[in-house]
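For reference, the structure is listed below as structure tokens.
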Amino acid sequence: MTVNLKTNLPIKLALLEAEGLRITSERSAFQCLQNLAHHYREKYAGIEISKVPGVQIARRLFRELNIEPTKHRPASEALLRRALKGLPLYPVNNLVDVCNWCALDFLLPNGVYDRQWIEGTIVLRKGLPGEQYIGHTGLPVHLENRYTLADNKGSFGSPITDSQRAGISAKTTAAVIVIYAPTDYEVKLFRNQSKVLAERIKKFCGGEINQIKIIIKD
């Protein structure tokens with residue numbers, strides 16, 4: 001059974017599902033991420049980050065949802081910022097490394113989640129009063145009036161940082177990936193980027209992609 005994702009927020013989403021994955025610490029995808037970071041650093045050295053082509057797309061996405069992106073940065077811009085400053089990037093596992101590589105490549109935030117920990121339909125919505133989860137850093141992520149992915153169990157992800165609850169581990173065999181884009185993002189480009197992500201997952205993690213879907217607000 002495939003996952004359903006819906007939203008009534010002003011946003012475009014790409015939903016991918018993969019199964020039969022092999023999650024390892026192999027670093028080929030991480031090397032691709034590092035190579036891309038080096039490319040950005042060489043090409044845009046000394047240039048203000050806001051002038052790098054593509055950065056304003058994710059910032060526009062955040063502003064559409066009343067989030068100031070210079071205070072709460074899209075995950076894709078956070079990666080770019082580290083790349084331009086020559087700060088170290090860190091490998092996680094082959095699937096997360098592929099998704100980080102694509103986030104930096106497309107300059108669009110994404111999230112990747114273990115399918116077995118997701119229950120029911122996924123909804124992208126505004127966070128409720130007092131709502132929070134524990135992020136990958138081990139610190140609480142406050143979600144009130146921000147936007148979050150939630151299932152029947154509650155919130156588990158956002159384009160800023162994801163929760164520990166649905167994180168990818170060596171035991172993951174099926175995953176859900178969500179890419180975020182502003183409402184005016186060109187659908188053909190978004191679909192092509194989703195296919196690139198899918199091909200990279202298959203190449204570096206094995207398995208099969210059983211769903212690629214572009215979602216616009218209900």
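The values are calculated or read from the model by the stated rules, or taken from the named source; none is laboratory data. Small disclaimer: the values here were computed from a predicted structure and weren't measured. All Cβ positions, glycine included, derive from the backbone under ideal geometry; neighbour counts span all protein chains shown.
Listing for the model above:
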{"quantity": "Every pair of residues 6+ apart whose Cβ atoms lie under 9 Å, when the first sits in the stretch 114-140 and is within 20 Å of Val178 (Cα to Cα) while the second is surrounded by fewer than 13 Cβ atoms within 10 Å (Cβ to Cβ) and among the acidic types (Asp, Glu)", "calculated": "Lys126/Glu144; Gly127/Glu144; Gln132/Glu144"}
{"quantity": "Failed condition for Arg146, given (1) closer than 23 Å to Phe190 by Cα; (2) touching a residue at least 12 places away in the same chain (Cβ under 8 Å)", "calculated": "(1)"}
{"quantity": "Spans of helices (runs of 4 or more DSSP H) in the stretch 7-123 with at least 2 residues loosely packed, with under 13 Cβ neighbours inside 10 Å and at negative phi", "calculated": "28-43"}
{"quantity": "Strands (runs of 3 or more DSSP E) fully within the stretch 142-218 counting 3 or more residues that are crowded, with 17+ Cβ neighbours inside 10 Å and of a type in the set (Val, Ile, Thr)", "calculated": "174-181"}
{"quantity": "Test: residue in the stretch 131-144 that is within 17 Å of Leu108 (Cα to Cα), of a type in the set (Asp, Glu) and modelled with pLDDT under 95", "calculated": "no"}
